[in-house]
Every structure is written in C-alpha cells, then in structure tokens.
Amino acid sequence: MTQVITTKDNRPYHHGALHTAIVEAALDVLSESQSTEFSLRELARRAGVSHNAPYKHFADKRELLAAVSAVGFEQLARRMAEATKELDDPRKRLAAMARAYVCGGVNNPALYRLMFGGYLAGQDGRPVIERTAAYNMKALIVDAISDGALGRQIPDDESNIRTMDGAILVFWSQMHGLTLLLVDRLVGPGDKTAELTESVLQGMLDGLVNSIPAVPEGVWVGPPLAG
C-alpha cells in the first residue's frame, strides 16, 4: 500500500516524493551555506514535514549525504552529456566534459568536496548509491577516450583496462587538482577560470596523445562498484 505523509499545512506527500524533497532541500542548503553542518530537522522544516519524517528514508545523515552526492554525480553527468551532444570529435567531447567538470566544482565547492572528498568514505568504502552514480559519470569519459580522444582508438576491453585507467587517472588528477586550486583561490583570478582550464586541459591532452602511462597491476581508478 502506498504510504502518504502529510506536511504541516496538510498537503499530502507521496512516500517517494518525500525522499526527493528531502534530498533537494539538502542540495539547496548545501549550495546556500557551502557547509554540510545542517541537521535532518532543518531539512524537514524546509520540506514542511515533521522532524521525524526524513528518518523514514534515511537512517542517518551519512545516508542522506550519500544520496545527495549521488544526485551531484547525476547532475554532473547530465552537464557533461549536454556539453557534448553537438560534438562528434572525441577530443572535443573530452575537452567539453573537462570544462563542465571544473565549472561544476567551482560553482558549488561544498557539493564537489562531498562528492570527491573523504567525508563519505568508510571502512566499507564509499556508499553504494554514490559509487553507482560516479561509475555512470566515468563511463562518459571512457567512451570519449575509447573513440579516439587521445589520438587513437582504445577499445574498452580487458586487454586495455590498465591503459584506459592510466588515461583516466591523468585526466582526473589534472582536472581535480585545477578545480581545488581554483576553489581555494590558490590559482586565479576567478574570471580567468575558462582560460586556465583550457590551457591546462590542452597541455594534458597533448601529453596523453604522446604517452599514456598504464597503471600498475591491481590498481583501480574508482570508486569501484564493489566495496
């Protein structure tokens, strides 16, 4: 039987809709405050439901933030896909994804740090819901590299996994590092973000065209789907 939760002004919330409302409230608070120091009670107030209502969906704050991070990865994947939809050239697609990546982090540092920082890491690794969303985002990058973004096609199969992961590790390291340098104002000014990104990006891509360092045996570039 479908569960319905009533808001404080007696508007009914479908059970699934409440889950979305709480996550959206968390995204809003995170964007506004640039801090994860908020309570589930505050999110319940924003959603207009009782302070106990969020616990029907989330066992604790970490579980909620995992859902928020997963949505962040979904949003980033959509921006990356949107940036490439008119592009056929794989190098241009990869470059467009890199620009979308850096822009997303600079525009919402708190969400970026939640997604790529250590807050959600536990003894069993990252939360499953987040790992799945991150893996789907990674697949977009794999597709561009496989199609020839680095000067030659690299089939996405078992024989090329160390080469593919090596390319992704270099790409990710450069874009992640630049994003954090810009966010922390160790590189600037902010109005030069696009030019800085383009300069670092093209230099990195040129380097990978010349040489792709394969990762050592047993190394994963993740997060892995299995904990």
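Loop-located GluC sites (Glu not before Pro) in region 21-56 (DSSP state other than H, G, I, E, B) with a sparse environment of at most 14 neighbouring Cβ atoms within 10 Å: Glu37.
When the Cα positions of Leu64, Ala53, Ser33 are compared along the charge dipole of region 10-91, Ala53 comes out farthest toward the positive end, with charges on each C-beta of Lys, Arg, Asp and Glu. In this entry, region 13-58 is assigned a mean projected area of 2.8 nm², taken as a quarter of its C-alpha convex hull surface.
Counting Lys +1, Arg +1, Asp -1, Glu -1, what net charge surrounds Ala134 among other residues with beta carbon under 11 Å of its beta carbon?
Summing Lys and Arg as +1 and Asp and Glu as -1 gives +1.
Taking packing as the residue-averaged number of other Cβ atoms within 10 angstrom, the listed peptides 215-222, 81-88 run from highest to lowest as 81-88, 215-222.
Classify region 77-180 as rounded, prolate or oblate, taking a ≥ b ≥ c as the square roots of the eigenvalues of its Cα gyration tensor: rounded when a/c is under 1.5, otherwise prolate if a/b is larger than b/c and oblate if not. Judged from the Cα gyration tensor, region 77-180 comes out oblate (a/c at least 1.5, b/c at or above a/b). Hey, what angle do you get for helix 15-33 against the long axis of the chain, alpha-carbon based, 0 to 90 degrees rounded to 10? Helix 15-33 sits at roughly 70 degrees to that axis. In the chain, the longest principal axis of the Cα atoms and the axis of helix 90-107 are about 40 degrees apart.
Checking (1) 22.9; (2) 14.9; (3) 12.6 against the coordinates, the calculated mean projected area of the Cα convex hull in nm² falls under label (2).
Here the Karplus relation 6.51 cos²θ - 1.76 cosθ + 1.60, evaluated at θ = phi - 60°, turns the backbone of region 206-217 into coupling constants of 4, x, 5, 4, 7, 7, 10, x, 5, 6, x, 4 Hz, with x for every Gly and Pro. Close amide H partners of Gly48, meaning residues 5 or more places away or on another chain with modelled amide H under 5 Å apart, do not exist here.
Dividing the summed -39500 (n - 2.57) terms of all DSSP H runs of n ≥ 4 by the residue count of the chain sets its mean residue ellipticity at 222 nm at -20500 deg cm²/dmol.
Coordinate-derived values only; no laboratory data. Remember, it's a predicted structure, so these values are computed and weren't measured experimentally. So basically every Cβ, Gly included, is an ideal-geometry build from the backbone, and we count neighbours across all protein chains shown.
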